[in-house]
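> Dropping a structure here in structure tokens format, bear with me for questions.
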Amino acid sequence: MAKATLTISSKNYSSWSLRGWLLCRMSGLDFDEKMVDVQAADARQELLLLSPSVLVPRLTHGSVQVWDTLAIAEYLHEIAPDAGLYPADRTIRAHCRSVSGEIHSGFYNLRSALPMNLKAKHAAFKVFSGARGDVERVRTIWRECLDAYGGPFLFGEPTVADAMYAPVCTRFETYSVALEEAERAYVDTILDWPLMAEWREGALAEPEEIVELEVEF
């Protein structure tokens, strides 16, 4: 199989890069990481305008180029169907795709109010009213999945859904969002995931900061 390259931006700030990277690692794909300058236009659009529809992360696999995290997920599922990126049962797989698509295409207020920043920790942070509905919807999704499939991941074992919600877990940790016991256990599961520990190590090693993302709002 051809060697792959995953182009990503900041490990500290880039939720979309984290998702793409987790998906590639979960699939078992052998790939190299290529970092882009966080000042590059695509990277800044992703980080500051919070758009999922830019060219970072981008997976290059032989002659194939795939961008957008859900497109990457579907491609990886095609080339590695036994990796378990989606549940085997069709009904449960549809549920997984639905909750993954929901976080991919929505929750703008949550992303704006609680930007990903793995280096930061706020003991008390007031979430503005416009984002509270997003926070509650995420919590509802988590509870429904954990109740239905028994945890510790949303669909029992790690799937695309966990890659999609992993950045939300870091946000809830950074900004000390109040959670119920089952929700807190899920966040801890994601943060203790060896793949997340590896990503966090890279994030903490990054020297650069983006001033616009250090502002509390």
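> Residues that are at pLDDT below 95, of a type in the set (V, I, T) and on the phi < 0 side of the Ramachandran plot: which strands (runs of 3 or more DSSP E) entirely in segment 13-69 hold 1 or more of them?
58-61, 64-67
> Out of W142, W199, report the one residue that is of a type in the set (F, W, Y) and without any contact (Cβ under 8 Å) to a residue 60 or more places away in the chain.
Details: W199 fails: without any contact (Cβ under 8 Å) to a residue 60 or more places away in the chain.
Going through W142, W199 in turn, the sole match is W142.
> Go through A166, A197, A203 for me and flag whichever is farther than 23 Å from D68 by Cβ and outside any loop (DSSP other than H, G, I, E, B).
Numbers: A166 fails: farther than 23 Å from D68 by Cβ; A203 fails: farther than 23 Å from D68 by Cβ.
Among A166, A197, A203, only A197 is farther than 23 Å from D68 by Cβ and outside any loop (DSSP other than H, G, I, E, B).
> Regarding segment 178-185, can at least one residue be identified that is farther than 27 Å from A88 by Cα, exposed (fewer than 12 other Cβ atoms within 10 Å of the Cβ), at pLDDT 95 or above and not β-branched (V, I, T)?
yes
> Within 16 Å of the chain's Cα centre (by Cα) and among the small types (G, A, S): does that describe A83? Full working, then the answer.
Values: within 16 Å of the chain's Cα centre (by Cα): no; among the small types (G, A, S): yes.
So A83 fails the test.
> Take S129 and tell me if it is in contact with a His (Cβ under 9 Å, 6 or more places away or on another chain) and small (G, A, S).
Working: in contact with a His (Cβ under 9 Å, 6 or more places away or on another chain): no; small (G, A, S): yes.
Considered against the rule, which asks whether it is in contact with a His (Cβ under 9 Å, 6 or more places away or on another chain) and small (G, A, S), S129 comes out as no.
> Quick check on this structure: which one of T140, T174 is polar (S, T, N, Q), closer than 21 Å to W21 by Cα and either surrounded by 18 or more Cβ atoms within 10 Å (Cβ to Cβ) or not assigned by TED's automatic domain parsing to the domain that holds N12 (or both)?
Only one candidate passes the filter, namely T174.
> For segment 116-137, name all the residues that are surrounded by 15 or more Cβ atoms within 10 Å (Cβ to Cβ) and either of a type in the set (D, E, K, R) or at positive phi (or both).
D134, R137
> For the subset of segment 1-12 comprising residues that are small (G, A, S) and at pLDDT below 90, which member is nearest to T69 (Cα to Cα)?
Filtering segment 1-12 for residues small (G, A, S) gives 2, 4, 9-10.
Next, from what is left, pick out any that are at pLDDT below 90: 2, 9-10.
Working: A2: 20, S9: 13, S10: 16 Å.
For segment 1-12, the residue satisfying everything is S9.
> Shifting gears a bit: Looking at (1) in a helix (DSSP H, G or I); (2) more than 22 Å from E74 (Cα to Cα), which is the one condition that is false for L179?
(1)
The values are calculated or read from the model by the stated rules, or taken from the named source; none is laboratory data. Here the structure is a predicted model, which means the values were calculated and not measured. All Cβ positions, even for glycine, are placed from backbone atoms using ideal geometry, and neighbour counts span all protein chains on display.
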